[in-house]
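Take a look at the structure below.
The values are calculated or read from the model by the stated rules, or taken from the named source; none is laboratory data. Only a predicted model underlies this, so the values are computations on that prediction, with no experimental measurement involved. Here Cβ is always computed from backbone atoms with ideal geometry, including for glycine, and neighbour counts include all displayed protein chains. Accessible surface is based on the protein model in full, side chains and every heavy atom, while ligands, DNA and RNA are left aside. Shrake-Rupley method; radii C 1.70, N 1.55, O 1.52, S 1.80 Å.
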Amino acid sequence: MKPKDPSLLFVTSVVVALITLFLSTGSVLVLVLLPLYLAPLLIEGRLPRDSALIWGGRLFVYASCAILGRAPMQAYYFFGQQAFVTMGLIMGGELVLQSFREPPEGYKFDPLQLLVSSLLFLIGAGTFAQPGQLAHLWIAAPLWVVLTLLAAGDVREGQQPVSLMARIRQFGLLAITVCVGFLAHSALSSNRGAFMSLSARLLSDSRPSVSEVGVADSPSLQSSFNSEASTARLLRITGSLSDSHLRAGAFDIYQGGTWGPSLSSRAIGPALPRETREEKRELMTKAEIDSNSEKASQQRTDWDAKITVLRDTNKTMFAPLNASALIPIPLQGADSFDWNRYAGPLQVADPTPLSYGIKQSHTEVNGVQTEQGPLCFSLDPKSLDSNIQENPDYPQQVAFISEARDNLLFVPDDIEPGVRQLAQQITKGKKTQMEKIDAISTYLLSNYKYSLDFVRGTQDPVSDFLLNKKSAHCQYFASATVMMLREVGVPARYATGYWAHETAPDGTTIVRGRDAHAWCEAYVDGMGWITVESTPPSGRADPKANPLTWYQKLQEQIEDTWTKIRNWFGNLSSLQIGGIMLGVLGIWGLERWRQSRKKARNQSTKPQPPLELQPLAKGFEAALRKRGITLLDGQPWSEAVPDEWAQGQEFVEGYNNARFATRDENQLRDLTNKLRDIQKTKN
């Protein structure tokens, strides 16, 4: 039957939640749920609580939401946006089903619907729309909260009618709430920058600031380096990399202890697929490309390592210098790259987590990888394509290479003459550029010590380190290597990023905030760019020396398990997901059907009261259960009700008189009032 007095407060709160979900997600399926939810207000009958139609409708609605509500959307760290939309549709569908179902005896609606409505609104408020598309939440959220709180006090039937003044106060409270929400939205919007800064500071312990470690905008030689490094995971590497130096950017201008130009000042443009060598054409002959151009433009999948960015890195990606190909993986978040090809950075605009592939170089000369990949901008004018030489921009290209080489050999006046003398002494008798590189790197590794602390004086910090202190951190080793190589005619630059070295139990490589590092990149004529490491091994983070806490390990295990589950579901088709949901709900429905049949058989052997007394009987037996009184099969109430419970004895006596003798409306009304008194009385 239909409740005589439906809770319009609760109905309105659900309507607000559904509208919020639609405005946040834009899913037109929500608009289908809205009129379906309101339809029972115009229909007299309701389905029984154990009706098979409810379970059939649940199977249909859930499967439809899983299939029709599924679309290719961006996956996020803990949960995908599309999964949120699907869950919201399922919650809305459940509320529609409940609106067609009889509420529990004495209730206007099932109290569990409050929980479902709360989940529906939270999903609508927690989707991944752009901030400008969520302005409605500042009004919808307080409105929904107030309506839900009022509905929670309006859940039972037969409550005292609300006076006119009480209704006026309720609507006044709603009006005030909406105004407060609007004012709060205006205040937060106008001070959004300040709140974002405060949030960043509050989250600094769990989400490391990448700009302060591996990808500083303009690296400056400080007294300490990475002293408060986070142990939070930044990257996960699946596969193998022959070079563990993951570069964020390189710097070629040094002045007063600071490297430039800053990353933020560099020109960033789209990385074309042929420049990053991400297409299958790199694996095909010219004849194969001409015969199948469509295949040639497809994404490669032959990467040697897959790098997954787990945390926000200010859009910066990390890759070895000599990667022979950089391959975005669109289905895993990275659609395309942007970059400054000469010295970085490499960027992806898509939100994390995202993955991209690395094809590493396999050509080696003297133990050094020499295959020059997309990140290795050649300083040899002869490398310019003949087609480019015919281009009017060819002179500018040659001029750029010449200027770049000059910058890579420039030693500022701040560097003391003793540095040149030391470099020449170390490389005395070394003829080739590779011999000079090896000599300088070996000298620093053998004669200088690693220390996290360096007290800067008034003189140039690189000169002070090389000629006096002889103990510092990786920034000084990298800078000293660059300056000494330049002093002996080898083009070199300073690079920052992360050193990947921690092996996880599952065989993947983990990069954390504490793995921030700096090193040197040198250009060898006839060979190209190579990585030069001159920091002693003691200057690299050691997981064994600084183990993780047990709760961080547990958190990472939970994150990894959730990621595996999410990825498994993400690889399923819509039909597979719908089939799984149908199977699970089908098994659940069969079990409920079996239990209802068993209950019906038991009740068929038990004498049933007259129809008008059945609600009273159900209500009284529910009151018995609430008081902890268990009725045995066939046991009369008079034997189960304790003698000291006067209200119960009085109701049983009146009920038996009404059941086994004549009864009238006054008698039924009296029993109804007695049952209400029992239900209101605390145990």
Next on the checklist: Can you say whether Tyr450 is open to solvent by less than 10 Å² (accessible area, probe 1.4 Å) and not polar (S, T, N, Q), as far as the supplied structure shows?
Outcome noted: no
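Okay, residues lined up against (1) out of contact with any Leu (no Cβ under 9 Å at 6 or more places or on another chain); (2) modelled with pLDDT of 80 or more; (3) among the polar types (S, T, N, Q):
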position	(1), (2), (3)
Pro3	yes, no, no
Pro6	no, no, no
Leu9	no, yes, no
Val15	no, yes, no
Thr20	no, yes, yes
Leu23	no, yes, no
Ser27	no, no, yes
Leu42	yes, yes, no
Item to check | Positions within region 24-40 being open to solvent by 60 Å² or more (accessible area, probe 1.4 Å) and in a helix (DSSP H, G or I), in sequence order | outcome: Leu31, Val32, Pro35, Leu36, Leu38
Checklist entry - Taking helices (runs of 4 or more DSSP H) that do not extend beyond region 532-637, which have at least 1 residues that are modelled with pLDDT under 80 and open to solvent by less than 50 Å² (accessible area, probe 1.4 Å)? => result 550-570, 574-604
Next on the checklist: Any residue that is under 30 Å from Glu487 (Cβ atoms), surrounded by 18 or more Cβ atoms within 10 Å (Cβ to Cβ) and out of contact with any Lys or Arg (no Cβ under 9 Å at 6 or more places or on another chain) - is there at least one of those in region 261-283?
Outcome noted: yes
Item to check | Among the residues listed as Gly88, Gly92, Gly69, the single one being surrounded by 20 or more Cβ atoms within 10 Å (Cβ to Cβ) and modelled with pLDDT of 85 or more | outcome: Gly92
Item to check | Candidates Thr316, Thr308 - the one that is under 20 Å from the mean Cα position of the chain (by Cα) and under 26 Å from Gly260 (Cα atoms) | outcome: Thr316
Item to check | Those residues of region 639-662 which are free of Cβ contacts under 8 Å to residues at least 40 places away in the same chain, surrounded by 11 or more Cβ atoms within 10 Å (Cβ to Cβ) and under 21 Å from Leu611 (Cα atoms), in sequence order | outcome: Phe651, Val652, Glu653, Gly654, Asn656, Asn657
Checklist outcome for this item: Residues in region 415-437 that are within 49 Å of the chain's Cα centre (by Cα) and surrounded by fewer than 16 Cβ atoms within 10 Å (Cβ to Cβ) total 1
